[in-house]
Amino acid sequence: MTETKKTTPKKEAAKKKVVKKATKEPTTAKKKAADVVAASDSDGSKADQIFADRKYIYAVGRRKNSSARVRLYTEGKGRIYVNGREFRAYFPFSSHQKNVTQPLDVLKIKNDFDVSIVVKGGGIVGQSEAARHGLARALVMHNEVWKQGLKKMGLLTRDARKKERKKPGLKKARRAPQWSKR
């Protein structure tokens with residue numbers, strides 16, 4: 001004896017009607033500003049005008065919470081731009097300026113390349129050291145022979161030191177609340 005099981009057809013879920021709400025169109029001024037940003041898709045306006053349609057070597061450098069995207073243009077005049085501004089204007093302190101140019105100074109090729117750097121995150125010290133790291137990496141990509149000199153100076157090593165996170169129950173990462181004996 002074979003039993004046949006009766007299966008009931010599945011009920012279809014009722015579909016909700018989607019009601020589109022009328023949205024107010026943005027003003028023309030906002031639209032134009034958005035179009036300009038989307039159309040530019042660039043690092044910095046002045047640097048892009050100078051370095052337009054030139055071949056470059058790309059590298060990324062990091063330090064603390066900063067990240068630097070470096071473009072190294074061959075056959076340059078020694079111009080360095082950070083976020084579309086002259087690097088001396090972006091990094092006003094000489095110690096930060098020396099950080100950025102250190103890989104070029106070590107190899108004694110300061111006026112042989114043009115550099116465009118986009119830095120994000122962190123503070124000014126981290127950004128300058130991230131730019132230095134990225135520039136050193138780009139130079140090694142351009143000429144493998146320079147790796148030995150840059151490595152000797154420690155410019156290719158990623159400095160992994162970062163701010164330690166705050167722990168629960170403590171005031172800072174390691175600072176405990178004041179202890180009272182009684």
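Each value in this text was obtained by applying a stated rule to the coordinates, not by laboratory testing. As the structure is a computational prediction, the values presented were derived from the model and not from experiment. Cβ sites come from the backbone with ideal geometry, for glycine too, and all protein chains shown count toward neighbours.
Other residues whose C-beta falls under 15 angstrom from the C-beta of GLU75 contribute a net charge of +3, scoring Lys and Arg +1 and Asp and Glu -1. Quick check on the range 74-147: take the gyration tensor over C-alpha atoms, sort the square-rooted eigenvalues as a ≥ b ≥ c, and tell me if it's rounded (a/c under 1.5), prolate or oblate. Prolate shape, in that a/c is at least 1.5 and a/b is the bigger ratio. Under the simplified labelling scheme, the ASN143-LYS171 pair shows an inter-label distance of 5.3 nm, with each label point 7 Å from Cα along Cα→Cβ. Sites listed here are chymotrypsin sites (Phe, Trp or Tyr not before Pro) in the range 57-100 whose DSSP assignment is loop and whose Cβ has at most 12 other Cβ atoms within 10 Å: PHE93.
Of all trypsin sites (Lys or Arg not before Pro) in the range 72-130, which ones are in loop regions per DSSP and have a Cβ with at most 16 other Cβ atoms within 10 Å?
On the way: sites: LYS77, ARG79, ARG85, ARG88, LYS98, LYS108, LYS110, LYS120; in loops: LYS77, ARG79, LYS108, LYS110.
Counting only loop positions with at most 16 other Cβ atoms within 10 Å, the trypsin sites (Lys or Arg not before Pro) in the range 72-130 are LYS77, ARG79, LYS108, LYS110.
Report the GluC sites (Glu not before Pro) located in the range 73-182 that are in a DSSP loop and have at most 13 other Cβ atoms inside 10 Å of their Cβ, or state none.
Details: sites: GLU75, GLU86, GLU129, GLU144, GLU164; in loops: GLU75, GLU164.
Here the GluC sites (Glu not before Pro) that fit, given the DSSP loop and packing criteria, are GLU75, GLU164.
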